[in-house]
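The values are calculated or read from the model by the stated rules, or taken from the named source; none is laboratory data. Given the structure is predicted, the values throughout are model-derived calculations rather than measurements. A quick note on method: Cβ atoms are made from the backbone with ideal geometry, for glycine too, and the neighbour counts reach across all protein chains shown. In case anyone asks, the SASA skips ligands and DNA or RNA and just uses the protein heavy atoms, side chains included. Shrake-Rupley method; radii C 1.70, N 1.55, O 1.52, S 1.80 Å.
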Amino acid sequence: MKVRLKCLSHTPLRGLNDPGAQVVAEVDAVIARARDEVERFDPELIVVFAPDHYNGLFYDLMPPFVIATAAESVGDYMTSAGTVLVDGTQASEMARFILDSDVDIAISHRLQVDHGCTQTLEELTGSITRYPIVPIIINSVAPPFAPYRRVRKLGLAVGEFLRKLNKRVLILGTGGLSHEPPVPLLAGAEDQVREFLIAGRNPTPEGRAARQARTIAAGKVYGAPESPLTPLNPEWDEAFIALLLENRLAQVDDFDIAEVSKLAGRSSHEVRTWVAAFSALSACGSYRGRKDYYRPINEWIAGYGVVSAEPA
C-alpha cells in the first residue's frame, strides 16, 4: 500500500467574491502544484473526509459520521452536479470494518454531497469522476457535535482498513480552517428556517440562489466592524496546522467545542476532516508533513490552508 495525504480549505466564494488578483494567483499556483502531485501519484482510491452544509444531511436524521456507497453532487457554488464516482464495494467493506472497530457510523446508499466534498475533488483531479472515491461525511456545522476524540478514532479505524489494501490511496481532508459563514442555528430559529434545517433537501433554484446571495453578501463585509460573524484567527489556524504536522494528534482529544467555536468561528469545526485524515495516515505509521500554504482571506470567509503529508 502507498498513501499520500492532502488537506485543503474550501470556500463557496472562490470565483464569486475573490480577493485581489495576486492572492488568487497565489492560491491557483498552490492548487496547481498539489494537482500535479496527485496526478503523478495516480491514486487508485481516494478517501474524502468532508463536511456537509445542510445539503445532504438535515436534522430529520443527523448522524455524526456517514459513509456513502453512492453519491450525487448537488452542484452548489459552481461545482459540478451529477453522479460522483464512488467505489461502493470498498465503501461497504470499510463501513463494516469501522463498525467492527467500535466506531459508530451511518451508511448511505444514496447520499447528496455538496461543495464541501466536490470542490476539493475538482481542484485536485479536475472532475468528480476521475478517480474512485469513498466519501465520509463528518458533521461539522449542525450542533451537537461528536467529541474530537471520536473523530480521531474514526480516522484511526479508516487508516487500519487502508493498511490492508494493496492500492495507492490518497486521503483528503476538506474544510476549515477558522471561519464563520452565515450558517443558521436550529436553536431559536424562526419557523421557516427551522423547517429548512430539519428537512430542506432539494431546494428550488430560487432558494439555492438566495442562499448563495446571502453568503456573498456576508463575504463582502466579513472581517469588517459591521460584520456580526466571528473573524478569522490566524494564530489558531497556525497552531492547529503545527499540531497536525508534528503528530500531536492526541491533543485534539482535549478540544472543547464551545471554546473552538468562540476562538475560530462556528464553522471551524470542519477541521474535524483534517483530524480524521491525519489520524488515518498515522495508522499507517509515522509520517512527515509540510505546510504548502496559509493565508487568512476575508473575502472567502476562510483561513485558507493547504497541507500535505506522506509516510516517513
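Please give the contour-minus-distance gain from A25 to I107: 0.36 nm per residue of separation, less the Cα-Cα distance, rounded to one decimal in nm.
Between A25 and I107, full extension yields an extra 25.6 nm.
Given points 7 Å out from each Cα along the Cα-Cβ axis, report the A210 to R40 separation in nanometres with one decimal.
With each label point 7 Å from Cα toward Cβ, the separation is 4.9 nm.
Take the solvent-accessible surface of the protein heavy atoms, probe 1.4 Å, and return the percent of it on the chain that carbon and sulfur atoms account for.
Here it works out to 50 percent.
Among DSSP bridges having both ends in the chain, what percentage is antiparallel? Round to the nearest 5.
Here the antiparallel bridges make up roughly 50 percent for the chain.
Highest GNM mean-square fluctuation, the chain, Cα pairs closer than 10 Å: which of A250, A25, A264?
Among A250, A25, A264, the largest GNM mean-square fluctuation belongs to A25.
Might you tell me the accessible area per residue for the chain, computed with a 1.4 Å probe and given in Å²?
Per-residue accessible area for the chain comes out at 41 Å².
Using only C-alpha positions, report the orientation-averaged shadow area of the convex hull of region 1-142, nm², one decimal.
Dividing the Cα hull surface by four gives the mean projection, 8.9 nm².
Between K164 and R248, 0.36 nm times their residue separation minus their Cα-Cα distance comes to what?
Length gained between K164 and R248: 27.8 nm.
Antiparallel as a % of all DSSP beta bridges within region 1-148, to the nearest 5?
Within region 1-148, antiparallel bridges account for around 40 percent of the total.
Of all DSSP beta bridges located in region 55-126, what percent are antiparallel, nearest 5?
Taking every DSSP beta bridge with both residues in region 55-126, the antiparallel ones total about 45 percent.
What number, in percent, do you get for the relative contact order of region 171-312 if the mean sequence gap of Cα pairs under 8 Å and at least 6 apart is divided by its residue count?
37 percent
Based on the Cα atoms of region 28-87, what semi-axes does the equivalent ellipsoid have, where each is the square root of 5 times one gyration tensor eigenvalue, given in whole Å with the largest first?
Three semi-axes, in Å: 26, 15, 12.
Restricted to Cα positions, what overall size does region 124-213 have along the principal axes? Three whole-Å values, descending.
50, 33, 25
Based on the Cβ-Cβ distance from E195 to A312, what FRET efficiency comes out when R0 is 45 Å, to the nearest 0.05?
Efficiency, rounded to the nearest 0.05: 0.35.
Is region 75-189 best put as rounded, prolate or oblate by its Cα gyration tensor, with a ≥ b ≥ c the root eigenvalues, rounded for a/c under 1.5, and otherwise prolate when a/b is larger than b/c, oblate when not?
Here region 75-189 falls in the oblate category.
Over the Cα atoms, compute the radius of gyration (one decimal) and Dmax (the largest Cα-Cα distance, rounded to a whole number) for the chain, in Å.
Here Rg and the maximum Cα pair distance are 17.9, 54 Å.
Give the shape of region 159-251 as rounded, prolate or oblate, defined through the alpha-carbon gyration tensor: a ≥ b ≥ c are the square roots of its eigenvalues, a/c under 1.5 means rounded, and otherwise the shape is prolate if a/b is larger than b/c and oblate if not.
oblate
Work out the FRET efficiency for T129 and L16 from their Cβ-Cβ distance, taking R0 = 22 Å, and round it to the nearest 0.05.
0.35
Looking at the calculated P(r) for region 176-312, what percent of the C-alpha pair distances fall above 25 Å?
38 percent
In what sequence, highest mean first, do 279-287, 143-151, 109-117 appear when ranked by Cβ atoms within 10 angstrom?
109-117, 279-287, 143-151
Using mean Cβ contacts within 10 Å as the protection proxy, how do 63-70, 16-23, 188-195 order, highest first?
Top to bottom by mean Cβ count within 10 Å: 63-70, 16-23, 188-195.
Whole number please: convex hull volume per residue, Cα atoms of region 217-275, in Å³.
87 Å³
For the chain, what's the relative contact order in percent, using C-alpha pairs closer than 8 Å and at least 6 residues apart?
After rounding, I find 31 percent.
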